Amino acid sequence: MTSKRLPSGGLIDRGTTVRFNFDGRSFTGHPGDTLASALLANGVRLVGRSFKYHRPRGIMTAGPEEPNALVELREGARREPNTKATEIELHDGLVSASQNRWPSLAFDLMSINGFAGPAISAGFYYKTFMWPKSFWEKLYEPLIRRAAGLGRAASQPDPDHYEAMHAHCDVLVVGSGAAGLAAARAAGEAGARVIICERDFVPGGGLLLSPADAAWRGDMVNALEAMPNVEILTRTNVFGYYDHNLLGAVERVSDHKAEPDQHEVRQRYRTFRAKQVVLATGASERLIAFPGNDRPGAMMAGAALTYLRRFGVVPGRNAVVFTNNDSAYETALALAEAGSGKVTLVDVRSQSALAAAMTARGIDVRLASEVAYFDGKTALVRRRGGAGGDKFVADLLCPSGGWNPNVQLASQSGAKPRWEATLASHVPGESVQAERSAGATKGIFGIGAAAYDGARAGREAAAAAGFAKAQDFALPERGPAEQPIAPFWEVKASGKSFVDLQHDVTAEDIRLAHREGFSHVEHAKRYTTHGMATDQGKLGSLVGSAILAEARGEPVEAVGVPTHRPYTMPVAFGALAGHASGAHFQPVRRTALNDWHLRNGAVMQPTGAWLRPFFYPKPGETGWEPIFREARAVRSSVGICDVSTLGKIDVQGPDAAAFLDRLYINTFSTLAVGKCRYGVMLREDGIVFDDGTTSRLAEDHFLVTTTTGNAAPVLEHMEFHAQTVWPELDVQFCSVTDQWAQVAVAGPKSRETLAAAVDGLDLSNEVFPFMGVGEGKIAGVPVRLFRISFSGELAYEIAVPSGHAETVWEAILAAGKPFGIVPYGLEAMSLMRVEKGHAAGPELNGQTTAADLGMGRMMKKSGDVIGRVLAGRPGLADPGRPRLVGIRPVDTNKRLRGGAHIVREPGSGTSMGWVSSVTQSIEHACWIGLAMVENGEALKNQRVFAVSPLHDESVEVTITSPHHVDPENLRVRA
Amino acid sequence: MPARPERMTDRYSAWRLLKESLSGNRGWKPAWRKPEPKASYDVIIVGGGGHGLATAHYLASVHGITNVAVVEKGPIGLGNGGRNTTIVRSNYGLPSNTRFYEHSLKLWEGLEQDLNYNVMMSQRGVLNLFHSDSQRDIAARRGNSMRIQGVDAELLDREAVRSVAPFIELDNPMFPIFGGLMQRRGGTARHDAVIWGFARAADRRGVDIIEHCEVTGIRREAGRVTGVETTRGFIGAKKVGVAVAGNTSRLATMAGLSLPVESHLLQAFVSEAIKPMIDGVVTFGAGHFYISQSDKGGLVFGGDLDGYNSYSQRGNLPVVEHLLGAAVSMIPALSRLRVLRQWAGIMDMTMDSSPFICKTPIDGLYFNGGWCYGGFKATPGSGWCFAHTIARNEPHAFNADLTIDRFRDGRMIDERGAGPNPWAQ
C-alpha cells in the first residue's frame, strides 16, 4: 500500500467506522469520506479502465472533474453507472464496482486496444470498416457497440422518488467558498433574501483545505445559518443557467444514505428565479500533457492537497509535483509535512522565490524542468526540452497546469468567456443577465482576496435588487501576490500524453485532427471526442486547445474552447422527470361519474387525458359481446352514456353571435333561443379544425361544445381571435367542461324514459323537437336538455352540474328500468357512430376539408369566416380530393381494418384513399367502414379493394354512402 | 462536361490505414482544403451544412458541375447538421414525402461507398409506438402507404415490441403500449461524419468550401441572380442555391422573398455513455419523444419544440422537464442514468411540416429549406434533388411537389395534420 490515512487532521469522523464494498472486497472508512478518499486510505490505486484503450486508471481528482474513477454504485434496481468516486459520500453498506473491464479490473482483455494505438488514432473509424459493405452492420458495429459505453444501466424501474421545488430569491449565490460565503453574508446583511447553493456536502469550498481559515469559515456558516433571510443548500449543484435569470439545480437529498428514508425523495429538482445571481463556483485545476499522465498514481496537485487536508489521507509515498504555478507548492509542502517519503517539486519556471523554503523542508526542487515520463512507479525528470534526465522513484505524480475559473454558468448565461493572459485562462465575459462572478470564478485567487471580492459582489447584487443596509463582518487577511504563471501545456516526449483521460485522446490525436483539417476547436472536439466524456473536458479542454493553437501557429485565445452548455454536472433523468412521469406523466382526468363506472364493472380506458368507460361487460361476456349488447339496447330500446368529456365553452356578450359567426362556417346569429345547431370550424388554412353543437340559451348567451380532444385547442383558438384579431367584439367566454357533467340518453324509448324522469319540460316532438334546447329538473336537480343525437337514434343529452351527476344518472336509470335501459360505453358509441356515418377524430384528422367530409354546403354564402379564403385554394377545392364514403365487404365474412388503403386492384402501387374507421355492424351483420376515397362520390356502388399489406390482407369492398343506417335521418326526428 | 476525376491518392483504404499507422499518421491530408474565394463560380451554395455540402457533391459527381463554391458563415457542419439526433428513416405516409425520403434512404444505404467515408449508417430500425386502437389505425395507414409504394414497414404487436425493446414499459395505466410501426431499414448515422464525408468528397472533385464567409446580400439584376455579397467581398455566380435551415427566412429576406417559415428551437440531449441498452430508434406516441443509443454508448434523445420563435440555439427548462418525464415513463430504467449535455438547434418550421426544394421567382436563385424537425435524414436526398434542380433548372420527380407554391395553391403536404401551427407539429 502506498497511500494511507493520517492519524489526525481533516474533516472526517475517525470515531465512527463505516463499512463499504468495492469490486467484492470489503473496506472501512469514516463519515466525511468520499468513496475516493476511503479507497485511497485503503491503499487502492487501480479504480477504473479508460474508454478506448482500457488503460488502468486511478483517482485523478477530488471533485466533479474526475475522468477516471467511475464506478457502478449500488446494485439491482438502484444501480447507477458512471458515478464519480470523488463525488460519492461514503455511507455504511455502500456497494460499488469498477466498470468497462473484462474479465476483471486488474486483467482486462480489451487493453490490447492500447497496442493498436497508431491504427486506432483519432477518427480512424471514419476511414475504415467500409469493406465489404455488409460487414459494418453485421460485424464491425456490433463489436464497437459492445466495446463502447462505460457502466451498465439498471434493468428494473427505479424504486426511488423525486420531486420539484421552485423558489424566488433576491440574490442567489452559487458556491460557498470564501467568495460565496462573503457574498451571501453581505447580501443577507443588506436585507436581501438569499439562497446559497453548494454542490459539496459541507459548505466551504477551498476553505476546507486551509486550517488557518477554519475558524472564519465556521463563524460565517454559523452567522448565515442564524439569518432568517438566508438559506444554505448543501449537496445542491446548479446545473444550468437559463433565460430570465432562471437557474436549475439538483439537490441530492438522500444519496448519502444506502437508500432514502420512508417517504423521503432521493433527489429534488430545484429552480431558482433570482433577481440577482452571484457566481462563486471557484476554479478547476488543469492537466499537463506528458507521457504517462494517466497512470494510476497520477493525481492533480490540488486533489492531493484535498486528500491530505480534508480527508487526512496521504495519497502516495514518494511524490513528484509538477507545476507551472505557485499553487502546487502547498501540495509539496503538505506532502512533506505528512511524512511522505521523498518529495520532488518540478517547476517549469526557471526562477521561484519559494524554492528556498521548499529546500529547507527537504523538498528536492527542480526548476526549469519537466516530467518526461511516468509509469506509476518511476518518473523521468529532465531539463525543459532536454534529453536524458533523472529517474525518480515515484508512486504519486501531481501535475498542476494552472487553474481555470469555472466560467460555465456565466458562459451559459450569455457572458462570452474572455481570455486573461495573466492566468493563461478564460474569465467570465461581460454580463448579459443579472449576474456577477466573484473570487476564483473571476480569476481572483487566494482566500482573503476571494472573500473580499465576494463581499463586494454580494453587496452589489443586494443593492441591485434594492437592498442596501449596512454590513459589518470580518474578512480574512489577503495573502501575498503569487508569482506569475508560466503557460505550459505539454511535455514533448515520446509516449502517450493524454488531454482527455476518459476518452483516451492524446496530444498527438489533436495534432492529427489539425493535419486533417479539423482545426476549428469544435471540429477538433468532434473528430477526436476530446471533452465529450462525462467530465465534459473540465481537466483537459484548454490543454487540447493550446496544443491545437500551437499546431495552427496561433495563440490559445484565437482557438478558444467549445461552447459551455448545461449540464455543469450530469443530472439524473429521474430528477428532471420528477413526479410527472409514469402514471403521472400527464394529469389524469376523470368525469363526475367515474366512481359509478368503476362500481358497475366498466372497463376503463385512457382516451387522451381522460379515463372513459369502454364497455360494461356482464359475467361471461367476451370480445365484442358487451359492445353488441349495449349497441342493440340503444338501437332497440334505450341506453345511457357518459359524454362529459366533450368540451363545453360558455360564450356570452352582445357580440357573442357575431363572434361565433366568424369562427364557424355556418351561421349562429340566426339561431333561435332554445335551439341548437351543428357547426364546423376551420383552421386558418381551410382545413376542418373541430365540430360540435352550439346552443343558444339567451340572445347573448351560447353554449359551445367541442370534441373531447379539441376542448383546449378550441378555447385557445377563441382566445387568440378575441384578443388579437377582433378585440372590438364584446364577448366573454370560459371553459365549463368540468362544471357540467353530460349524459346521452339514446334509443327509441329515450323520450319515454326521460318523460318519467324530467319535471318541468314537455318532451313531446311538437314542443321539444330535434335540435331543441330546454331546462327542467331531474330528481330535483336543475338540468339542461338538448335533443341531439350521435348514435343516430332518437336521443337527448342532459347537462347537469357535476356534483349532482350521479343523482341524475341514477334517476334516469330508474326511469328507464321498464325499458331495459343499459349504460353503454365508448365502444358501442363508436360502433353506432360509424354505422350512422358521423365524422369523428379519424376523419377530422387535420387533413380534410368540409367538402371532403360532405359538409361543403354548410359554408355560408357571405361574411368573413376563419379559413374561408384559404379553403378556396385550388388544391383544397379540387373535386378529385378524397371524399368521405362508406365501405362494406363484398364477402360479408371478411373483416375490415382501419388504416387499410383503397386500391383498384390488389397489388396496385397507387392508393386511392384510406379506411379511416371500421366496426362490426349490428344492423348489417358484417364489418363496415368509413373511408376517404378520391372521387368517392362518383365511385358509389362500385367495387374496389381495401388492402392492408401490413396484415397481408386484401378485401373487395363496395363503396357506399357513409350513412350505413337511416340515411334519411328519420329516427332522430321521431 | 465530364466530371473531374477524384484525386485517387487520398482514398481511404485498409492498405492506406496500415501504412499510415506504421508511419505515425503523418501522411494524412486535410479532409477538405481552405481555399480563398474566386471572383465567380458557376454555382454558389449558401450554407455549409449537410444539405449544402451534399448539393455540392452531387452537382460535381452527378452533373459534372465542379466550378462550385459552398460558402459558410462559420466552420462547416456546426448548425443543425452537427446538432441533430442522427435519425435516418423514410417512414412517411404521404406519397410526396415517401418518394423523396425513400430516395434519400437509398442514397444513405450506399453513402459510405459513394463518399469513401464511413458515416456509420446503421440500419438498426426505427420503431414508432402507439397507445390506442385509433393510433394503431393511423400508424397502419402510414405503414400500408409505405408498403404500397415498396417501402419496408411492419406492424408490431405488444409482444413483438417487447422482444425488440424489452426495456419499454408496456403497461403504463395512462398510455399502455398497443404496438408499434417498425421500419427496419431506418436507423442512425454519425452526423458529423456525414458533414465531413460530403465535404471531403466535394472538395476532391474541385468544389471550394469557403468557411467563415457570411452572406450579407444576394445581388440581382433584371430579375436574375448575379452573386452574393459576403463578409469576404462580392462573389459572382450564375446560380445561387440557399440551404441554411433555421436561417432560411433571413436569407429569403435578402432576396426580397417572404417564405411561410418560422424559426423555432428544438432541444436535444445526450446521456453519459453506458453499455448497449437501446438497439434502434424508439419513439413514444403519448408525448413527443424519441431516443436511440450512439455507437459510443450515449443515449441521444429529443422531442418537442420550445414553443416560441428564437435563433438562440439554447432552449429552456419546461421542455426539458416534459421530455425527461416522457423518457422515464417510456423506459423506467432510465431514471438513475444521467443526462450529460443539452443543446438546441434552430428549426425552419413550415406551415405543413414538410420541406421545399425549388426554384424561386428570381432566375438562378433556388431555395432548399423548411426541414422542420427532419432535415438530417433528408441530407443525401436533399442534396441530390437540389443539385438536380439547380443543374437542370427544373425539379426532379422526387421533389416536384416540394415547392413553396404549394402553400399558395393549397396543396399542403401535412403528414400529421397539425396545420400551420409549428408548435403543434
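The values are calculated or read from the model by the stated rules, or taken from the named source; none is laboratory data. Only a predicted model underlies this, so the values are computations on that prediction, with no experimental measurement involved. Reconstructed Cβ throughout: ideal geometry from the backbone, glycine too, with neighbour counts over all protein chains shown. Please note that ligands, DNA and RNA were not included when accessible areas were found on the heavy atoms of the full protein model with its side chains. Shrake-Rupley method; radii C 1.70, N 1.55, O 1.52, S 1.80 Å.
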May I ask you to find the residues of the range B:135-165 that are shielded by at least 30 Å² of accessible area once the whole protein assembly is considered instead of their isolated chain (probe 1.4 Å)? B:ASP137, B:ARG141, B:ASN144, B:ARG147, B:ILE148, B:LEU155
The set of residues whose placed amide H lies less than 5 Å from the amide H of A:TYR373, leaving out same-chain residues fewer than 5 positions away, is A:LEU380
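Kyte-Doolittle mean at least -1.0 and Cα extent at least 20 Å along the axis: which DSSP H helices of chain A qualify?
A:447-464
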Efficiency of FRET between A:ALA434 and A:PHE473 - r from beta-carbon atoms, R0 25 angstrom, step 0.05: 0.55
For a paramagnetic label modelled at 7 Å from the Cα of B:GLU214 toward its Cβ, which residues of the range B:305-328 fall within the zone defined by backbone nitrogen distances under 11 Å? none
Using a 1.4 Å probe and counting only protein heavy atoms, how much accessible surface gets buried when A and B come together, both sides summed, in Å² to the nearest 100? 9600 Å²
Once ligands and nucleic acids are excluded and a 1.4 Å probe is used, how much of A:ASP375 is accessible, expressed in Å² to the nearest 10? 60 Å²
Cut-off 19 Å (backbone N to label point 7 Å along Cα→Cβ of B:ARG416), residues of the range B:317-339: B:318-331
In the protein assembly as shown, carbon and sulfur make up what percent of the accessible area (probe 1.4 Å)? 53 percent
Can you compute the charge dipole magnitude of the protein assembly as shown about its Cα centre, using +1 on each Lys and Arg Cβ and -1 on each Asp and Glu Cβ, nothing else charged? Give it in debye, rounded to the nearest 20. 3580 debye
Estimated distance in nm for a label pair at B:ARG184 and B:THR226, the labels positioned 7 Å out from Cα along Cα-to-Cβ: 5.8 nm
In chain B, with Lys and Arg counted as +1 and Asp and Glu as -1 at Cβ, which of these residues, B:LEU22, B:SER294, B:PRO361, has the Cα nearest the positive end of the dipole, that is, farthest along it? B:LEU22
Please compute the modelled spin-label separation between B:ASP363 and A:ALA116, points set 7 Å along Cα→Cβ, answer in nm with one decimal. 5.8 nm
Could you list which residues have their amide H under 5 Å from that of B:LEU156, counting only those 5 or more apart in sequence or on another chain, with H placed in the peptide plane? B:GLY180, B:LEU181, B:MET182
Could you tell me the distance between the Cα centroids of the range B:306-385 and the range A:286-342, to the nearest Å? 47 Å
For the protein assembly as shown, give the share of DSSP beta bridges that are antiparallel, in percent and rounded to the nearest 5; count only bridges with both residues there. 70 percent
List, by residue number, every residue in the range B:338-362 with a reduction of 40 Å² or greater in accessible area between the chain on its own and the complete protein assembly, 1.4 Å probe. B:ARG338, B:VAL339, B:LEU340, B:ARG341, B:GLN342
Are there any residues in the range B:272-286 with a reduction of at least 50 Å² in accessible surface when going from the isolated chain to the assembly of protein chains? Probe 1.4 Å, please list them by number. B:GLU272, B:ALA273, B:LYS275, B:PRO276
Those residues of the range B:15-44 whose amide nitrogen sits under 13 Å from the label point placed on A:SER494, 7 Å along Cα→Cβ: B:24
Rounded to the nearest 5, the percent of antiparallel DSSP beta bridges in the range A:289-398 equals 40 percent
Average accessible surface area per residue within chain A, 1.4 Å rolling probe, Å²: 36 Å²
Quick note, the range A:647-744: a/c under 1.5 would make it rounded; otherwise a/b > b/c is prolate and the rest oblate (a ≥ b ≥ c, C-alpha gyration tensor); here it is rounded
Report the residue, chosen from B:GLU221, B:GLU394, B:GLU20, that carries the largest GNM mean-square fluctuation when chain B is represented by alpha-carbon nodes joined by springs under 10 Å. B:GLU20
If you plug each phi of the range A:722-732 into the Karplus form 6.51 cos²θ - 1.76 cosθ + 1.60 with θ = phi - 60°, what whole-Hz ³J(HN,Hα) values come out, in order, with x for Gly and Pro? 5, 7, 10, 9, 10, x, 6, 6, 8, 8, 10
Determine the shielding of peptide A:267-273 by partner chains: average, over its residues, the number of Cβ atoms on other chains within 10 angstrom of each Cβ. 1
At 222 nm, what helix-only mean residue ellipticity would chain A give, in deg cm²/dmol to the nearest 500, using -39500 (n - 2.57) for each DSSP H run of four or more? -6000 deg cm²/dmol
By how many degrees, 0 to 90 and rounded to 10, does the Cα axis of helix B:95-109 deviate from the longest principal axis of chain B? 80 degrees
Given the options B:ASN80, B:ASN399, B:ASN25, state which has the largest fluctuation in a GNM of chain B using a 10 Å cut-off (strictly under) for Cα springs. B:ASN25
By its C-alpha gyration tensor, with a ≥ b ≥ c as the square roots of the eigenvalues, how is the protein assembly as shown shaped: rounded for a/c under 1.5, else prolate for a/b larger than b/c, else oblate? prolate
Mind jotting down the distance between the C-alpha centroids of the range A:911-950 and the range A:552-582, whole Å? 53 Å
Go through A:SER921, A:GLY48, A:THR86 and say which Cα lies farthest out towards the positive end of the charge dipole of the protein assembly as shown; charges sit on Cβ, +1 for Lys and Arg, -1 for Asp and Glu. A:GLY48
With a 1.4 Å probe and all protein chains kept in place, how much accessible area does B:ASP405 have, in Å² rounded to the nearest 10? 80 Å²
When a/c reaches 1.5 or more, the comparison of a/b and b/c decides; with that in mind, is the range A:882-954 rounded, prolate or oblate per its Cα gyration tensor? oblate
Ranked from highest to lowest mean number of other Cβ atoms within 10 Å per residue, what is the order of the peptides A:249-258, A:495-504, B:176-185? A:495-504, B:176-185, A:249-258
What spacing in nm lies between the two simple spin-label points modelled at A:ARG14 and B:ARG33, each 7 Å away from Cα in the Cβ direction? 7.1 nm
Based on the Cβ-Cβ distance of B:ARG392 and B:TRP423, what FRET efficiency does E = 1/(1 + (r/R0)^6) give at R0 = 45 Å, to the nearest 0.05? 0.75
Work from the charge dipole of the range A:537-666 (Cβ charges, +1 for Lys and Arg, -1 for Asp and Glu, about the Cα centre) and give the residue of A:VAL643, A:ALA633, A:ALA580 farthest towards its positive end. A:ALA633
Estimated FRET transfer efficiency (A:ASP762, A:TRP624; beta-carbon r; R0 30 Å; 0.05): 0.20
Rounded to the nearest Å, the spacing of the alpha-carbon centers of the range A:398-425 and the range B:131-152 is 53 Å
Before rounding to the nearest 500, sum -39500 (n - 2.57) across all DSSP H runs of length at least 4 in chain B and divide by the residue total; then give [θ] at 222 nm in deg cm²/dmol. -8500 deg cm²/dmol
